[in-house]
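Some notes on the structure that comes next.
Quick note: the coordinates plus some simple rules give every number you see, no bench work behind them. Model, not experiment: these values are computed from the prediction. No Cβ is skipped: glycine too gets one built from the backbone with ideal geometry, and neighbour counts run over all protein chains shown.
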Amino acid sequence: MSILLEAIDLRKTYKTGKIIVEALRGVNLRVREGEFAAIMGPSGCGKSTLMHVLGAMAKATSGKVLIDGQDISNMSDSQRTEVRRKKLGFVFQKLNLLPALTARANIDVARQIHGGGRDAESHDRLADILRLLRIEDKMDRKPAELSGGEQQRVAIARAVVNSPAIVLADEPTGALDSRNSEIVLDMFRELNRKFKQTVLLVTHNPELASYADRLIEMRDGVVVRDDSEPANWRRGLSPTQTGASAL
Amino acid sequence: MRTSVSILAVALEVMLILIIVGLTTGIANNYGKRMEGIGADIMVQSSNASVILALNNSPMPQSLAGKFAEIEGVQAVAPILALINSQSIGLDVIYGIDPASFFDVSGGFAFHDGRMFSEPSASSDQPVEILVDDWYAESKGVRVGDRVRLMDEEFTISGIVENGKGSRIFMPIRAAQEMTGQLDRASLFYVKLHNPDDVQQVIDRIHARTEFSTYKLTPMREFSSLLTPDNLPGWEAFNSAVVFVAAWIGVLVIFLSMYNAITERTREIGILRSLGASKSYIVRLILQESFALSFLGVVAGLAGSLLVERFIRAAFPQIVVMITPEWIVKAAIFAVLSGLIGSLYPSLKAAAQDPVEALAYE
C-alpha cells in the first residue's frame, strides 16, 4: 500500500511570552493508505500539535510533511487550505458542528466547500455513510437536538463525505461517555474496513486506542513507540518489551 | 437580537433618508404648486421680504394695489396679508385676502363645501369666518360650521375649498389687519397681467416709477421654477448631509454587529477553515449575511417610511412627504453599500483567523 502521510524530522516550537516550548522534537512517521492508526500519549506530549501540522492547519518550524506525496511544509496558507479541502477530513474533540444548521446542512457545507458531491455516486456514498453511522433519520435535526454521540457521528459523516485521503480525528470521544465513545470508535473502524478509509486517531486513552490497528505512542514531542501488532500493545506491553522502535 | 438590531439600524438609515429628503422635496414641490395655482404673473414684496414664506415684518400700504393696477399691462392686483399660525406644528401660513381682487387674480375658489366668508362687522361678536382647503379640513377633521382656534383666536369655517391657491387658510384681509394691528397693510401683492409674456416690461414699468423702485418684483413663473428642490439653496448640501449621517449609522451598526458576530462565531469560522474553506469563502459568507441584513433592512425601512408617510399625511395633511422611486433606489443603494462597507473589515478579520486558534476559542 502506498504512503499517504509522511512526517520527516518534524519540529514545532512555540513562544509563550519568554518561554520557548518545543511541542514536536523531530517526529518521523509514515501512514499508509487504508490504515487505522492511533496516536496515543499523555496530555502535553505534542499529539494535538502533530495533528494540526499533519492536518495542514499549522506550519512546522522545521521538517517535512508529505500528504499523498505532496510536500506541504512550505506551502502558503491558501495552498494548505486547498490541501485540507481536497485531501483531509477532520473530527475534533469538541462537538464542532455549526449550531444554526441541521445535520444535513452541516454535511452539505463540507460538500459545498469541497466543490463537488452533487453526482449520483456521491449521493449513494453519503447514503451508505449515513446508514453505516446510523444517522439517516437524524438529518433534519439541529445539533442541539442530537445527543453527543449523534453529533459526533454527524461530524464523522461530514469528515468523510468528500472521500478524503485521510481522516484526522483529534480526541473524537473526548466529550462523550464510554458507551457513545465505543459507538463512535466502532464507526471509525467500520469506515476503515468498508470504505478503506485511512484514519489517524489521536487519543490519550489506551482503551480507545485499542480500536486501531496500529499504535503510535508519543512522549515529550517525539514518537516513542510505533507498533502494528495489536496483540503486543493490547496486552499493555512497554515499547522496549515489544522491541518496536520509533521511526 | 443582533440580527434584529442590524435590520432595525439599516431600516432607520433608509427611513432617515426617505423621510427627510421626502419632506424637503415634498414641501418645496407642494409650495411651488400652490404658488403656481394662484395664477398671478408677478409677486411684489418689500425689499427685505422672505421669498420662501412670502412674509415680512415691514408690510406695505394696501393702497399700493390701486397704484399697481394703474400700470399699463396690469389686469388685477390682489393684496395679501400673510400671517403665521404659530400654534400649528405644520407652520400654517394664513392669507388675509380681499375676495374680489383675489378672485380677479386667481380665478376664484372651487368650493368643496360651504360658501365664501362674510366680512366681519364691528358690531358682531361672532367669530370671524375663514376658508380652509380640503387638505387642511381632512387633516384636522373639520367641517363647515366648525370652530377652530388659530393665533389664540376662534374662527368659524364658512367653506372648504380646493387646495392649490397659495395658502391652506384664508380669512378677510381686514380681520387679519385688525388682529395684528397692521391696518391697511399688506405683506405682498399678486399681480395678474393681461399678457403673461409682458412680465419683464411690466416689471420695468413698475421699477421706473421712483416710489416703487425699492420693491422686490419677482416673476411668478421664475419663482415657481425656483421652488423645485434642486433650485433651493442648500437643498443638495442638506440632503448630502442627511445621507452621509444615515449611511454612517448603517456602516457603524453593521460594523459593530458583524464584528460581534465574528467574535461569537470564531469557532464556527475555525470549523469552516478546517474543512478547507478559503479566505475568500469566509469573506463572501460574511458579506452575504451583511447583504441579507441590509436587504431586509431596506425592506423594513421602506415599509416604515411608507407608514410614517401615511401617518404624517393623516395627522398633518398640509405636510407633504414625497417618497420618489428615485430616492427609494438611492436609499436602498446607500443602505446596502453601507452594510457591505461596515462588514468588510470584520469579514477580512474573520478570514485571517488562524484555524487552530479559532478552534481552540471558547
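A few comments on the model shown:
- If you take all other residues with their beta carbon under 14 Å from the beta carbon of B:Ser213, and give Lys and Arg +1 and Asp and Glu -1, the sum is +2.
- Given charges at Cβ of Lys, Arg, Asp, Glu: chain B dipole, positive-most of B:Leu64, B:Met15, B:Thr324: B:Met15
- All other residues whose Cβ lies under 14 angstrom from that of B:Gly297 are scored, Lys and Arg at +1 and Asp and Glu at -1, for a net of -1.
- When each of A:Lys47/B:Lys349; A:Lys47/A:Lys87; A:Lys142/B:Lys279; A:Lys59/A:Lys86; A:Lys59/A:Lys142; A:Lys18/A:Lys94 is checked by Cα-Cα distance, pairs over 22 Å: A:Lys47/B:Lys349; A:Lys142/B:Lys279; A:Lys59/A:Lys142; A:Lys18/A:Lys94
- Computed FRET value (nearest 0.05) for B:Leu306 with B:Glu138, which takes r as the C-beta separation and R₀ as 22 Å: 0.70
- Prolate/oblate/rounded label for the protein assembly as shown (Cα gyration tensor, a/c 1.5): prolate
- Inter-chain shielding of B:263-276 (mean C-beta neighbours from other protein chains, 10 Å cut-off): 6
- Rounded if a/c under 1.5, otherwise prolate or oblate - chain B, Cα gyration tensor axes: prolate
- Here A:Lys64 is the anchor, and the aspartates and glutamates within straight C-alpha reach of less than 14 Å, apart from those fewer than 8 places off in the same chain, are A:Glu6, A:Asp9.
- Legend: mean number of C-beta atoms from other chains within 10 angstrom of residue C-beta atoms, peptide A:82-93, equals 3.
- Whole-Å distance, taken between Cα centres, linking the range B:142-171 and the range A:131-186: 78 Å
- Considering only A:Asn205, A:Asn162, A:Asn106, the mean-square fluctuation computed in a Gaussian network model of chain A, springs between alpha carbons under 10 angstrom, is largest for A:Asn205.
- Contact order for chain A, expressed relative to its length and based on alpha carbon pairs under 8 Å spaced 6+ residues apart, stands at 27 percent.
- Cross-link partners of B:Lys216 among lysines (Cα-Cα below 20 Å; sequence separation of 8 or more within a chain): B:Lys67, B:Lys192
- Number of partner chain Cβ atoms within 10 Å, mean per residue of B:249-255: 0
- Placing pseudo-labels 7 Å out from each Cα toward the beta carbon at A:Glu121 and A:Ser228 gives an inter-label distance of 2.8 nm.
- Sorted by Cβ density within 10 Å, fewest first, the residues B:Ile94, A:Ile216, B:Ile203: B:Ile203, B:Ile94, A:Ile216
- The range A:20-113, dipole about Cα centre (Lys/Arg Cβ +1, Asp/Glu Cβ -1), debye to the nearest 20: 80 debye
- Under 14 Å, Cβ to Cβ, from B:Leu16 - net charge with Lys/Arg +1 and Asp/Glu -1: -1
- For the range B:47-214, the dipole from Cβ point charges (+1 on Lys and Arg, -1 on Asp and Glu) about the Cα centre works out to 160 debye, to the nearest 20.
- Rough spin-label spacing in nm, given labels placed 7 Å along Cα→Cβ, for B:Ala100 and B:Thr3: 7.3 nm
- Taking B:Tyr259, B:Tyr95, A:Tyr211 and counting other C-beta atoms within 10 Å, the order from fewest to most: B:Tyr259, A:Tyr211, B:Tyr95
- Summed over qualifying helices (DSSP H, 4 residues or more, each -39500 (n - 2.57)) and divided by its residue number, the protein assembly as shown shows a 222 nm mean residue ellipticity of -14500 deg cm²/dmol.
- For the range B:47-214, the equivalent ellipsoid derived from the Cα gyration tensor has semi-axes of 29, 17, 15 Å, listed largest first.
- Relative contact order [Cα under 8 Å, 6+ residues apart], chain B, whole percent: 30 percent
- Modelled spin labels at A:Ile19 and B:Glu326, positioned 7 Å past Cα toward Cβ, are 6.9 nm from each other.
- Relative contact order of the range B:47-214, taken over Cα pairs closer than 8 Å and 6 or more residues apart, is 32 percent.
- Note on B:Phe238/A:Ala144: beta-carbon distance plugged into 1/(1 + (r/R0)^6) with R0 of 56 Å gives a FRET efficiency of 0.65.
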